Amino acid sequence: MSGALPPTPEPAESTEEWAVLEAIAAADRLFDMRSALADRTRSERLVVDACGLRLDLTRQRLTVEALDTLIALARRQGVQERIEAMFAGERINVTEDRSVLHTALRLPPGERLVVEGTDIAADVHSELDRMAVFAREVRSGERTGHGGRRIRSIVNIGIGGSNLGPQMATAALRPFTHPDLEVRFVSNVDPADLDSALEGLDPSETMFIVCSKTFTTLETLTNARAAREWLVAGTGTESSVAAQMVAVSTAAKEVKEFGIDPHRSMFGFWDWVGGRYSVGSAVGLSLMVAIGPEQFREFLAGMHEIDSHLREAPPERNLAWLLALAWLWNGNLLGHDTVAVLPYAQDLQRFPAYLQQLDMESNGKRVRLDGERLEIESGPIVWGEPGTDGQHAFHQLLHQGTRIVPCDLIGFATSADGEDQDRQDLLVANLIAQAEALSIGRSEEEIVAAGGDPELAPHRACEGGRPVTVVLAERLDPRTLGKLIALYEHKVLIEGAIQGIDSFDQWGVELGKDLARRIGPEIEDGASSADHDPSTVELIEAVRRLRP
Ligand code: F6P
């Protein structure tokens, strides 16, 4: 770490606003959802229509007083200043001494952003232009495999941020993808992942994108080597590697060492783009090939729209501020440990997994910026599945379980291709039904009054009162997806800023990587090092006994 640390805000829990919030939260059992929902003044504060998104927080257990106090807390903690510091390229990732500039990836063409003497917006656009040339050539068939055959399959090899973003977005934008190009994703070092991705593919028609910011990630390099062997064996020539393997990375030296020419076949990005914030960079190359450069620009434009809204809208009408404050209220004041993100769109099936990395790798921290222990809970456990499937699996617990799980329901009024509106209406009807059922519920009295068996009434009753957020948009298209991603990115930033943590490092993942690097050879040659605990030594030996 070098340079002076920006001031760490005082612990949120020491502020006078926190004391007020705790007092309001202590009276939460008196909160009556029905009367809260009937209160128009409150509803006006808790619904925001902006940038084509409708954010409805009316079903949160939030009073106007709580909301105002949360906003005051966020102001006191310097959220606005931190946002501006991020956009200006200040090194707000203090433990890695880096700027955090994913917002620069989506600046419109022609805008300048000079950071530490370099116009990084110009660099961004020149790389986007190179990507667009590549994507067009692959899509049109102009860029072929080594033997002159058309490329029909793209396999992206990467993990974490080098996988989840493009994989999630390619699935989400399925109706916009090229009909004759299949894009597959490999992340796990489990051989089953690469094997199943390669199933049915013709090596002469397959292009690999090896995507790794550092180009040192064990899983990615192991899979990339295995892919190269498959390619060379299948095409019968080493020269297919130059024609059919490209790299996306910030590490030209490592790319060259792997055997990919960084000048010809590498797309770059910069250390100021965090892995989990990188889908708008060259990491999105597979997505750009799938949907085309024009739609990719739309995707970036959607993100930029939210970036501008974040800076311009007052906190009271600001989508990201309000979403962040609702999550903070539930997690830190009402004590709910998890959040379920439930997209009512099958194509958003990977969105919860994407948010898991975005949120949990960013805000799962135990110390504050100054290294002092965080005395309140850090970010929540994020999970979820698309509706309506979840309704027939885990929603039982959401409605009647003793644990309260706040839910974000995300839905769209029309289908992406504008067809089959009846089925889309049914899907959205389910989203609204869940919002109502979770928040209002059905009492024993209502069940009996409707002729239900009084003995069964306690089993059937749903007490309601579950915190629900609804995010609604017209349809799931590239621009809207970009908006959703940017909205949640900024939510993470704001929550982390209030808590005073570094949302942009991820030191916690290192220990497991170090140990795995040691244990791998120990499994192979049986020489367990003495400094493992006895149980670990036993486990390594048990694996050795079981392997062939
Ligand atoms: O292990 C965590 C992590 O560092 C993520 O933050 C990152 O997105 C992922 O690994 C992949 O890293 P890379 O792109 O350098 O291969």
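Given the structure, is Arg59 assigned to a loop (DSSP other than H, G, I, E, B) and under 20 Å from Leu334 (Cα atoms)? Explain how you work it out, then say what you get.
On the way: assigned to a loop (DSSP other than H, G, I, E, B): yes; under 20 Å from Leu334 (Cα atoms): yes.
Spelling it out, Arg59 is indeed assigned to a loop (DSSP other than H, G, I, E, B) and under 20 Å from Leu334 (Cα atoms).
Looking at Ala25, Ala36, which one is buried (at least 20 other Cβ atoms within 10 Å of the Cβ), aliphatic (A, V, I, L, M) and either on the phi < 0 side of the Ramachandran plot or out of contact with any Gly (no Cβ under 9 Å at 6 or more places or on another chain) (or both)?
Being buried (at least 20 other Cβ atoms within 10 Å of the Cβ), aliphatic (A, V, I, L, M) and either on the phi < 0 side of the Ramachandran plot or out of contact with any Gly (no Cβ under 9 Å at 6 or more places or on another chain) (or both) holds for just one of Ala25, Ala36, which is Ala36.
Rundown of residues vs (1) without any contact (Cβ under 8 Å) to a residue 24 or more places away in the chain; (2) more than 25 Å from Leu431 (Cβ to Cβ); (3) of a type outside the set (Lys, Arg); (4) not in a helix (DSSP H, G or I), yes/no style:
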position: Val283; (1), (2), (3), (4): no, yes, yes, no
position: Ser286; (1), (2), (3), (4): no, yes, yes, no
position: Leu300; (1), (2), (3), (4): no, yes, yes, no
position: Ala320; (1), (2), (3), (4): no, no, yes, no
position: Val341; (1), (2), (3), (4): no, no, yes, yes
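Filter segment 236-265 for residues that are under 16 Å from Ile154 (Cβ atoms) and either out of contact with any Cys (no Cβ under 8 Å at 6 or more places or on another chain) or modelled with pLDDT under 95 (or both) and give the result.
Filtering segment 236-265 down to residues under 16 Å from Ile154 (Cβ atoms) leaves 240-241, 243-248, 260, 265.
Scanning segment 236-265 gives Ser240, Val241, Ala243, Gln244, Met245, Val246, Ile260, Ser265.
Which one of these does Val279 not meet: (1) in a loop (DSSP other than H, G, I, E, B); (2) more than 16 Å from the ligand (Cβ to nearest atom)?
Against the list (1) in a loop (DSSP other than H, G, I, E, B); (2) more than 16 Å from the ligand (Cβ to nearest atom), Val279 comes up short only on (2).
Which one of these is buried (at least 17 other Cβ atoms within 10 Å of the Cβ) and part of a loop (DSSP other than H, G, I, E, B): Val189, Val183?
On the way: Val183 fails: part of a loop (DSSP other than H, G, I, E, B).
Within the list Val189, Val183, the selection yields Val189.
So for segment 177-191 (the condition being among the aromatic types (Phe, Trp, Tyr), modelled with pLDDT of 95 or more and over 26 Å from Pro386 (Cα atoms)), does at least one residue qualify?
The answer is no, given that none of the residues of segment 177-191 is among the aromatic types (Phe, Trp, Tyr), modelled with pLDDT of 95 or more and over 26 Å from Pro386 (Cα atoms).
Name every residue in segment 14-30 that is over 32 Å from the mean Cα position of the chain (by Cα) and not aliphatic (A, V, I, L, M), in order of residue number.
Matches in segment 14-30: Glu16, Arg29.
Kindly list the number of the only condition in (1) in contact with a helix residue (DSSP H, G or I) (Cβ under 7 Å, 6 or more places away or on another chain); (2) closer than 22 Å to Gln357 by Cα that fails for Ala132.
Single failed check for Ala132: (2).
Being aliphatic (A, V, I, L, M), modelled with pLDDT of 95 or more and under 24 Å from Leu107 (Cα atoms) is true for just one of Leu287, Leu221, Leu201. Which residue is that?
Numbers: Leu221 fails: under 24 Å from Leu107 (Cα atoms); Leu201 fails: under 24 Å from Leu107 (Cα atoms).
Testing whether each residue is aliphatic (A, V, I, L, M), modelled with pLDDT of 95 or more and under 24 Å from Leu107 (Cα atoms) leaves just Leu287.
So Asp261 ticks every box in (1) away from the ligand (no atom under 14 Å from the Cβ); (2) touching a residue at least 24 places away in the same chain (Cβ under 8 Å); (3) surrounded by fewer than 22 Cβ atoms within 10 Å (Cβ to Cβ) but one. Which box is left unticked?
So Asp261 meets the others, but not (2).
Could you check segment 196-225 and list, in sequence order, the residues that are more than 16 Å from the ligand (Cβ to nearest atom) and either of a type in the set (A, V, I, L, M) or not in a helix (DSSP H, G or I) (or both)? Don't jump to the end; show me each part of the working.
So the first thing to find is which residues in segment 196-225 are more than 16 Å from the ligand (Cβ to nearest atom), and the list is 196-207.
The answer is Ala197, Leu198, Glu199, Gly200, Leu201, Asp202, Thr206, Met207.
Sort out for me the helices (runs of 4 or more DSSP H) sitting completely within segment 453-541 that have 2 or more residues that are basic (Lys, Arg) and away from the ligand (no atom under 16 Å from the Cβ). Working first, answer last.
Numbers: elements: 457-460, 478-499, 510-525.
Where helices (runs of 4 or more DSSP H) fall fully within segment 453-541 and carry at least 2 residues being basic (Lys, Arg) and away from the ligand (no atom under 16 Å from the Cβ), they are 478-499.
Just to be sure, is Ala247 buried (at least 23 other Cβ atoms within 10 Å of the Cβ), in contact with a strand residue (DSSP E or B) (Cβ under 6 Å, 6 or more places away or on another chain) and not in a helix (DSSP H, G or I)? If you could, list the steps in order and put the result at the bottom.
On the way: buried (at least 23 other Cβ atoms within 10 Å of the Cβ): yes; in contact with a strand residue (DSSP E or B) (Cβ under 6 Å, 6 or more places away or on another chain): yes; not in a helix (DSSP H, G or I): yes.
Yes.
Which of the residues belonging to segment 346-367 are outside any helix (DSSP H, G or I) and either surrounded by 24 or more Cβ atoms within 10 Å (Cβ to Cβ) or within 16 Å of the ligand (Cβ to nearest atom) (or both)? Even if it seems obvious, please write down each step before you answer.
At the first step, the residues of segment 346-367 found to be outside any helix (DSSP H, G or I) are 349-350, 364-367.
Correct list: Arg350, Gly364, Lys365.
Collect the residues in segment 447-475 that are of a type outside the set (Gly, Ala, Ser) and closer than 29 Å to Arg54 by Cβ, keeping them in residue-number order.
We begin by selecting, within segment 447-475, every residue of a type outside the set (Gly, Ala, Ser); these are 447-448, 453-456, 458-460, 462-463, 466-472, 474-475.
Result: Cys462, Glu463, Arg466, Pro467, Val468, Thr469, Val470, Val471, Leu472, Glu474, Arg475.
Being free of Cβ contacts under 8 Å to residues at least 60 places away in the same chain and either charged (D, E, K, R) or touching a Lys or Arg at 6+ places or on another chain (Cβ under 8 Å) (or both) is the filter here, so list the residues in segment 209-225 that pass it.
Applying the first criterion (free of Cβ contacts under 8 Å to residues at least 60 places away in the same chain) to segment 209-225 yields 210, 212, 214-217, 221-222, 225.
Selection gives Arg225 alone.
Step by step: first the residues of segment 155-180, then only those that are in a helix (DSSP H, G or I) and more than 26 Å from Ala226 (Cα to Cα), then the one that is nearest to the ligand (Cβ to nearest atom). Which residue is that? Reasoning before the result, please.
Initial filter on segment 155-180 (in a helix (DSSP H, G or I)): 160-162, 164-172, 174-176.
Within this subset, residues satisfying the condition of being more than 26 Å from Ala226 (Cα to Cα) are 172, 174-176.
Working: Ala172: 19, Arg174: 24, Pro175: 27, Phe176: 25 Å.
Here the answer is Ala172.
The values are calculated or read from the model by the stated rules, or taken from the named source; none is laboratory data. Note that this is a predicted model, so its numbers are computed, not measured. When we count neighbours, we look across all protein chains shown, and the Cβ atoms used for this are built from the backbone with ideal geometry, even at glycine.
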